[in-house]
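One structure, pasted below without further comment.
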Amino acid sequence: MLEKLQTGEIDVKKIWFSNEAYFTLDGHLNKQNYRYWGKERLEITVVRSLHPKKFLVWCAISSHGVFGPIFIDGKLRAANYRKFLD
């Protein structure tokens, strides 16, 4: 890729980086990437709703600048994502 950038095959002005994240309104944090290790087993009960209200935050960056954050209520499905980018 560096070689293609240097030869001009790739136009830097057309490269975009974007990401999105869901946030719940009940304060619950999805900790699927966290692991806790210990010598003793702790019994903890966490009460949370099964389907919490959530919203999506989307942002992008390119050579033109930063776009967003954009807040979307609910889910952004693949069919709507292209319309969203246009």
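Hey, could you check the stretch 5-61 for residues that are modelled with pLDDT of 85 or more, open to solvent by 100 Å² or more (accessible area, probe 1.4 Å) and out of contact with any Cys (no Cβ under 7 Å at 6 or more places or on another chain) and say which is farthest from Leu85 (Cα to Cα)?
Here the answer is Gln6.
For a quick check of your reading of the model, give me the residue pairs whose first member lies in the stretch 58-86 and is among the acidic types (Asp, Glu), whose second is surrounded by 10 or more Cβ atoms within 10 Å (Cβ to Cβ) and not in a helix (DSSP H, G or I), with beta-carbon atoms closer than 6 Å and at least 6 apart or on different chains.
Asp73/Phe55
State which residue is modelled with the lowest pLDDT when the search covers only the stretch 67-83 and only residues that are closer than 23 Å to Lys14 by Cα and within 15 Å of the chain's Cα centre (by Cα).
Start the filter on the stretch 67-83 by keeping residues that are closer than 23 Å to Lys14 by Cα, which leaves 67-70, 78-83.
Imposing the further condition that a residue be within 15 Å of the chain's Cα centre (by Cα) reduces the set to 67-70, 78, 81.
Working: Phe67: 89, Gly68: 88, Pro69: 92, Ile70: 87, Ala78: 79, Tyr81: 74.
Per the criteria, the residue is Tyr81.
The values are calculated or read from the model by the stated rules, or taken from the named source; none is laboratory data. In this text the structure is predicted, and so the values were computed from the model without any measurement. As a convention, Cβ positions derive from the backbone with ideal geometry for all residues, glycine included, and neighbour counts pool all protein chains shown. For accessibility, only protein heavy atoms count, side chains too; no ligands or nucleic acids. Shrake-Rupley method; radii C 1.70, N 1.55, O 1.52, S 1.80 Å.
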